[in-house]
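K.L.:
Quick one: the structure is below, questions incoming.
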Amino acid sequence: MARLLSTKEVSKFLNVNEKMIYTLVSEKGLPATKITGKWLFPLHLVEQWVEANTINFPKHDAGTLPYKGLLVIAGSNDLLLDRAIALFNTMHSEHLAVFGNLGSMGGLRALRRDLCHLAASHLLQEDESEYNFAYASEELGNLPAVVNFCRREQGIIVRKGNPKKISGVADLGRPGLRIVNRPLGTGTRLLLDRELNKAGVKGEKIEGYTHEVQRHLDVGLEVLSGRVDAGPGIRPVAALLDLEFIPLRWERFDLMAAKERFFDEGVQRFLGLLHEPKFHQVVKDGLDGYDLSLSGKMVFPHNVPQKTTEKKPA
């Protein structure tokens, strides 16, 4: 049987006075039972409660995820990034790059927890003049090293010939029109929600707004199949599937690394790939909607990033 502590024992264990224990039970959910008529506290549950309520974790040192030939990239999904990873694995057979499709915010959180070497992100800041810096500063506590992967064109993917005559975000609110969406935490969803708000369209009123898919390509395939009329995505997917595309804006898609990991061998090899002619040839061979003019270059905020006032995507 699990060890049960008395009120006096648990107060000593938590280093608080006995009166505070009753407050913790009623207001903070401290695990307790009153089967015997007096409060008893299962020790293992108290320990779990303490762990669950810990908010100030110690910082990991750079050795928590040492580089041993496995490069972990996490964050936002992108066709060119998929091909760059495949190219890296072909060119560097003694290394292996893998990708976790977590969305832009998920990538930053993975970077904070030292679960990846590089985070891929395209989070548009509130003033719409910059990408990623303010979100990275909030999530990580300080700015990581930021290297541009590419610029790409975001917009709305619609059926061939645009039979529903969709000309912009405001049209997505028309009755009888169905969309597919990207998950919360992705930069594409953040952009769509911001544009809908500008147009005075409530997302929850749009048919299909809660129908979420994980990849840009999945958005295109839903449109191509005819199951939906439109969805937020990037021009390269529309071009690949021979669909129509309504542009919204060019965006900066960045790779971020913790500064203590920036010179890890795998990180440097992957960033070096962005300068290789073979990488640039991938775009020249038929991936419309990308601009590599900043690719492989360090980028810096024009001003010290301010915290965003809007609610961050989940």
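The values are calculated or read from the model by the stated rules, or taken from the named source; none is laboratory data. This is a predicted model, so every value here is computed, not measured. Using ideal geometry, Cβ is built from the backbone for each residue, glycine included, and neighbour counts are taken over all protein chains shown. The accessibility values were calculated without ligands, DNA or RNA, using every heavy atom of the protein model including side chains. Shrake-Rupley method; radii C 1.70, N 1.55, O 1.52, S 1.80 Å.
K.L.:
Name the single residue, out of those in the range 63-86 being of a type in the set (Ser, Thr, Tyr) and farther than 17 Å from Asn101 by Cβ, that is modelled with the lowest pLDDT.
P.N.:
The first filter runs over the range 63-86 and keeps only residues of a type in the set (Ser, Thr, Tyr), leaving 64, 67, 76.
Applying the additional criterion that residues be farther than 17 Å from Asn101 by Cβ yields 64, 67.
On the way: Thr64: 52, Tyr67: 80.
Checking each candidate, the answer is Thr64.
K.L.:
Moving on. Looking at Gly100, is it at pLDDT 95 or above and open to solvent by 10 Å² or more (accessible area, probe 1.4 Å)?
P.N.:
It is true that Gly100 is at pLDDT 95 or above and open to solvent by 10 Å² or more (accessible area, probe 1.4 Å).
K.L.:
Residues in the range 75-90: is at least one open to solvent by 10 Å² or more (accessible area, probe 1.4 Å) and farther than 25 Å from Gly286 by Cα?
P.N.:
No: zero hits.
K.L.:
So which residues in the range 271-300 are in a loop (DSSP other than H, G, I, E, B), open to solvent by less than 30 Å² (accessible area, probe 1.4 Å) and among the hydroxyl-bearing types (Ser, Thr, Tyr)?
P.N.:
Correct list: Ser295 only.
K.L.:
Out of all the residues in the range 103-117, which are farther than 23 Å from Leu287 by Cα and either in contact with a helix residue (DSSP H, G or I) (Cβ under 8 Å, 6 or more places away or on another chain) or surrounded by 21 or more Cβ atoms within 10 Å (Cβ to Cβ) (or both)? Let's see the steps before the verdict.
P.N.:
Narrowing the range 103-117 to residues farther than 23 Å from Leu287 by Cα: 105-117.
Within the range 103-117, Met105, Gly106, Gly107, Leu108, Arg109, Leu111, Arg112, Cys116, His117 qualify.
K.L.:
In the range 194-245, what residues are of a type in the set (Asp, Glu), free of Cβ contacts under 8 Å to residues at least 60 places away in the same chain and open to solvent by 30 Å² or more (accessible area, probe 1.4 Å)? Before you say what the answer is, go through the steps one by one.
P.N.:
First, the residues of the range 194-245 that are of a type in the set (Asp, Glu): 195, 204, 207, 212, 218, 222, 229, 242, 244.
From the residues that got through so far, the ones that are free of Cβ contacts under 8 Å to residues at least 60 places away in the same chain too are 195, 204, 207, 212, 218, 222.
Hits for the range 194-245 are Glu195, Glu204, Glu207, Glu212, Asp218.
K.L.:
With the requirement that a residue be among the charged types (D, E, K, R) and either over 23 Å from Asn132 (Cα atoms) or open to solvent by 30 Å² or more (accessible area, probe 1.4 Å) (or both), what does the range 253-263 give you?
P.N.:
Within the range 253-263, Lys259, Glu260 qualify.
K.L.:
Of the residues in the range 181-213, how many are farther than 21 Å from Leu123 by Cβ and part of a loop (DSSP other than H, G, I, E, B)?
P.N.:
Looking only at that region, the number is 7.
K.L.:
Further, regarding this structure: Considering every residue within the range 17-24, establish whether at least one is modelled with pLDDT of 85 or more and in contact with a strand residue (DSSP E or B) (Cβ under 9 Å, 6 or more places away or on another chain).
P.N.:
Yes, the conditions are met somewhere in the range 17-24.
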